[in-house]
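The values are calculated or read from the model by the stated rules, or taken from the named source; none is laboratory data. What you see is a predicted model; the values in this text were computed from it and never measured. Here the Cβ positions follow ideal geometry from the backbone for every residue, glycine too, while neighbour counts run over all protein chains shown. Side chains are part of the model used for accessible areas, which takes the heavy atoms of the whole protein and leaves out ligands, DNA and RNA. Shrake-Rupley method; radii C 1.70, N 1.55, O 1.52, S 1.80 Å.
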Amino acid sequence: MPEVRIGFNSRDRQRYWRRTGVLTLTLTGVLAAMSLTTQGPVKWWWVGSLGTFSVVAVLSTINSLYGHVLLSASGLEFRTFVSRRVVPWNEVARVEKRQRVSRSGIWSDLRVIRAHGRSLPIPGTLTNRMADAELERKRAVIQERWSLATGG
């Protein structure tokens, strides 16, 4: 069984990079304005806090955009910017689509629900499109590989 890669395509990466760029430029502008107008030790507390938040936001985006899952005969191989993990197919209880509501809309992603342990988000599946054919295609491929690997 050949390996299948689940992750963002280049078009989706560009779209999310634009959003990240807007967020980063906004936070940079706020940091610059605060560092020029705020006086005293409070200034550095705010600048440091927002700077740390900015770095965490950018690293989280890099992790989400360039992370992917390889579907192999042995299981799901999670490969992200900060970690590597293999979840054998026999540990998978189900794959489900989850939705969450935020100010920017309704976001959906796929998660692997394990028989034992916490559920894991599948990198490269986050979307805010209501009827996303690409997300459903990814879900179908994962379900098919899981079924083939477990014989059911």
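Expressed as a whole percent, the accessible area of the range 1-58 that falls on carbon and sulfur atoms is 71 (1.4 Å probe).
Helical content of the chain, expressed as a calculated mean residue ellipticity at 222 nm, amounts to -16500 deg cm²/dmol (DSSP H runs of 4 or more residues, -39,500 (n - 2.57) each, divided by residue number, nearest 500). The accessible surface of the range 64-152, taken with every protein chain in place and a 1.4 Å probe, is 52 percent carbon and sulfur. For Thr26 and Glu91, FRET efficiency with R0 = 41 Å and r from the beta-carbon atoms, rounded to 0.05? Computed FRET efficiency for Glu91 and Thr26: 0.50.
Taking a point 7 Å out from the Cα of Met130 in the direction of its Cβ, the residues of the range 95-118 whose backbone N falls within less than 18 Å of it are 98-109.
Taken over the C-alpha atoms, the chain has Rg and Dmax values of 19.1, 67 angstrom. Rolling a 1.4 Å probe over the heavy atoms of the protein chains gives the chain an accessible area of 60 Å² per residue.
Given R₀ = 35 Å, what would the calculated FRET efficiency be for Thr150 paired with Arg11, taking r from the Cβ atoms and rounding to 0.05? Intermediate results must be reported in sequence, preceding the final value.
Details: r = 33 Å, r/R0 = 0.94.
Taking R0 as 35 Å, the efficiency between Thr150 and Arg11 is 0.60.
Between amide H atoms placed 1.01 Å from N, distances below 5 Å from Phe81 occur with Gly67, all of them 5 or more places distant or on a separate chain. These residues, His68, His116, go from largest to smallest accessible area, 1.4 Å probe, as His116, His68.
Using a 7 Å offset from Cα along Cα-Cβ at Ser83, what residues in the range 1-27 end up with backbone N under 19 Å from the label point? Taking a point 7 Å out along Cα→Cβ of Ser83, the residues of the range 1-27 whose backbone N falls under 19 Å are 6-8.
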